[in-house]
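Worksheet: the structure to be examined is printed underneath.
Any read-out appearing in this document is the output of simple, stated calculations on the displayed coordinates, not a laboratory observation. Since the structure is predicted, the reported quantities are computational estimates derived from the model, not experimental observations. When we count neighbours, we look across all protein chains shown, and the Cβ atoms used for this are built from the backbone with ideal geometry, even at glycine.
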Amino acid sequence: MPAALIGATRCCRCGRDGSSGDFCGQCGTPWAGSLSESGTARSPLNGVVRAGIGRRTVAHGIDAVVPVALLALALAQAIGSVPGPTPWWLALLAAVLLVMIQALVVAVTGRSVGRLVMGQRTVDDLTGTPVRVGRFVARVGQPGWHRHLVTADLRRGRDPWEITVAPAAAGSPVASGAIPAAPVAGAALDRPAPPLLSPHSRARSSAGIVLDTGERYEIETALLLGRNPVDPQGGGDRALLAWPDLTRRLAKTHVLLEWSGSVLWVTDLHSGSGTSLVAPGGERQLLAPGVRSAAATGTTIDCGGRNVKVVAGG
């Protein structure tokens, strides 16, 4: 199945494939695929803000303080510079066990001591839930395996672990006055996502984008954007736009923009700092790497902190 269609058959909360009823059989959330029937993204990462590399580094540093101290103690005892009543290998064993416990806690909850201090949670980029150990181990060693993890900044955006329940539609039992069922514990009611398609985006020969430096460009077919982009397919039929970025938040080949004649599709190319779509009303949708999403006129494409605004084309 193409990567862009994976979300259509998976629960937007837990990632389970398919549903035999109105509710997901695994997490109990009202069934809603990660993609709607029209192809519009309904990612569980909507409203989630990726933590910056600096804050992620600080969190990792906090987690590493005790294990590194234990390793230093073990080394000092092994070479005899620090005498102790216990053998050096006990300190080494304690450091290894602590690292394993931290990894298990992150796999189950997406949190650790460092992430708690910095207000972060690490989740899977497709399901928005903590990464399952089996899936994580299977990915280790594959190209870009670490890029399937998203560390959310809970102080700036939504917690991806919160269950999002869609508002009741008109004519539903809740809307018609019936007593609704008790809400799921910890559930959060989000505003409905704005439509990603605009009537003004139809029947145009190109889509326009404006960089945060003021330059405007027209996209007639496809455009690869980054610090020094290259076409991984090597066909030469996709335009390249080099966007200087001394902060290096922008990846070398960060994002792919494709104009279909009516829709501008945006695909994050496994960039380190991530890509988000920000609607005119401020709603933010963090894109899963390799999965394209539609961007309407007026949407801002956040490429790791650098902004591209989608405007009407020719």
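General remarks:
- Here's the picture: charge each Lys and Arg Cβ at +1 and each Asp and Glu Cβ at -1 in the stretch 53-153, and of Leu104, Thr151, Ala64 the one pushed furthest to the positive end of that dipole is Thr151.
- Applying 1/(1 + (r/R0)^6) with R0 = 35 Å to the Cβ-Cβ distance of Val68 and Lys252 gives a FRET efficiency near 0.65.
- Percent breakdown of C-alpha pair distances by 5 Å bin, ordered from the shortest bin, for the stretch 53-153: 2, 13, 18, 19, 17, 12, 9, 6, 3, 1, 0
- Cβ crowding within 10 Å averaged over residues, with 254-266, 220-232, 93-105 ranked highest first: 254-266, 220-232, 93-105
- Where labels lie 7 Å past Cα in the beta-carbon direction, separation of Leu93 and Leu116 in nm: 2.6
- Three principal axis extents of the stretch 199-311 based on alpha-carbon atoms, in descending order, are 35, 34, 27 Å.
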